[in-house]
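Step one of this worksheet: look at the structure below.
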Amino acid sequence: MPMTSSPSSLTQPPSRVITGLALTPIAFIKAIVQAYADQGKSPAQALALAQITPTDLADPTARITALQMERISGAAMQELDDEALGWFSRRLPWGSYGMLARASLSAPTLGVALKRWCRHHGLITDDITLQLTVVGDTATLTLTEHRDLGTLREFCLVSVLRNIHGLACWLIDSRVPLQGVQFPFAAPAHADVYRVLFSGPTAFETPPASFHFDARYLTLPLRRDEPALQQMLKRALPLTVLPYRRDRLLVQRVRQTLAAHPTLTHNAEALAALLNVSTRTLHRQLKEEGASLQALKDDVRQSRALDLLLRTSRPIKQVAAAAGFQNEKSFIRAFRGWTGTSPAEFRRRPAAVATQPCG
């Protein structure tokens, strides 16, 4: 669901067959068709523009591509003059979500921007409430329903949460990995697509609708301006479809995960799984941030090992395991590379060694 779309979307001819990975469930298209029916209008032109056939609509297992979704939703918003596509008790006229984005653009940090979005969203509809909360290291964006959304409920909750998540990523020009997403309704027949719609695990029959992420992202400054906003609003759907490659907190997240799970992060595959990214993505993004996994592992392990050797009397073998090494021999070899001495020698003369740089 885009926040808005190009005003020319109704006039774009379907000059060729739309191709691409078909992941969006036809249930969402049926929700758009329902919005047309509620206004007594025909969706024929929008369906034709998106190359969605009656056969597609009749097949509950059918899927469409991201471009098809962009075309039909953009056309529907213009024809119905409702960017909410029938979800709420009153229409959200064309440009409503662009207005909310503009109101958030001058915020100093993502946290302030999201709070503004939540507050201003309440000014354009009172059918739902959006709220940002922080507990410990976890930020939660919650959607509370105040009326029965009927058959459009799933489409509404999914779209609103994806819109605000996509906007958050765009505002700071970074991926914002989700730690988890939850919905109050039962798992739909197309539940498998939620792995694509949202990063992180999804729970159903768990109210209220919400998603959770690392609260540190809220402190990041915004990286967009008015010209960037104007360009984004021409084609906003990719914000909620295409994942951002860059993660501006990835190095910190890797350090934190390595420190918190030393025995579960012996290799890149295990670490990537804990971070909900592919191994290839992990290495590529670290490279983009000017870091390497091995250097980060060495730094975290070294700090952990030095701390344990100086502050505890644990046997060297236990220190090695606690620092994330699979055996004592590899730990001793790495430790000599860091300090020029063995762990045992370091422990016998900590005062002298601790005052010297450790590589």
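Laboratory data are not the source of any read-out in this text; all were calculated from the coordinates shown. This one's a predicted model, so the numbers in the text were calculated from it and none came from an experiment. Positions of Cβ are backbone-derived with ideal geometry, glycine not excepted, and every protein chain shown enters the neighbour counts.
Dividing the helix sum by the residues of the chain, where each DSSP H run of 4 or more adds -39500 (n - 2.57), gives a mean residue ellipticity at 222 nm of -14500 deg cm²/dmol. If you look at the Cα atoms of segment 89-162, you get an Rg and a Dmax of 13.0, 38 Å. Once the Cβ-Cβ distance of Ser42 and Arg195 is raised to the sixth power relative to R0 = 30 Å, the FRET efficiency obtained is 0.30.
Please identify, among Arg223, Arg175, Arg311, the residue showing maximal mean-square fluctuation in a Gaussian network model of the chain using a 10 angstrom Cα cutoff. Result: Arg311 has the largest fluctuation of those listed. Total lysine pairs in the chain at Cα distances under 29 Å, for residues eight or more apart or on different chains: 8.
In the elastic network of the chain, a GNM with C-alpha springs shorter than 10 Å, the most mobile of Gln326, Gln51, Gln78 is Gln326. Based on every Cα atom in segment 121-215, Rg and the maximum pairwise Cα distance Dmax equal 13.0, 36 Å.
Centre-to-centre separation between the Cα atoms of segment 100-159 and those of segment 246-298: 30 Å.
Candidates Phe88, Leu309, Leu293 compared by Cα position along the dipole of the chain: farthest toward the positive end lies Leu309, with charges placed on Cβ.
Rounded to the nearest angstrom and listed largest first, the equivalent-ellipsoid semi-axes of segment 262-314 from its Cα gyration tensor are 26, 13, 6. Under a point spin-label approximation (7 Å from Cα along Cα-to-Cβ), what is the Thr206-Lys287 distance to one decimal in nm? Label at Thr206, label at Lys287, 3.5 nm between them. Taken along its principal axes, the alpha carbon cloud of segment 19-92 reaches lengths of 33, 20, 20 Å, longest axis first.
Take the Kirkwood radius over Cα pairs of segment 249-359, plug it into Stokes-Einstein at 37 °C and 0.692 mPa s, and you get 226 µm²/s for translational diffusion. Using a Gaussian network model on the chain with a 10 Å cutoff between Cα atoms, which of Lys317, Lys234, Lys115 fluctuates the most? With Cα springs under 10 Å in the chain, the top fluctuation among Lys317, Lys234, Lys115 is at Lys317. Cα-based radius of gyration for segment 28-174, normalised by 2.2 N^0.38 Å, reads 1.12.
The long axis of helix 293-311 is offset from the longest Cα principal axis of the chain by roughly 50 degrees. What translational diffusion coefficient, to the nearest whole µm²/s, does the chain have by Stokes-Einstein, given a Kirkwood radius computed over alpha-carbon pairs, a temperature of 10 °C and 1.306 mPa s viscosity? Estimated via Stokes-Einstein, D reaches 69 µm²/s. How far is helix 110-124 tilted off the main Cα axis of the chain, in degrees rounded to 10, range 0 to 90? Around 20 degrees separate the two axes. The simple spin-label model puts a point 7 Å past each Cα toward its Cβ; for Asn267 and Gln34 those points are separated by 4.7 nm. Taking the Cβ-Cβ separation of Gln131 and Arg311 as r and a Förster radius of 51 Å, what is the calculated FRET efficiency to the nearest 0.05? After rounding, the FRET efficiency stands at 0.75.
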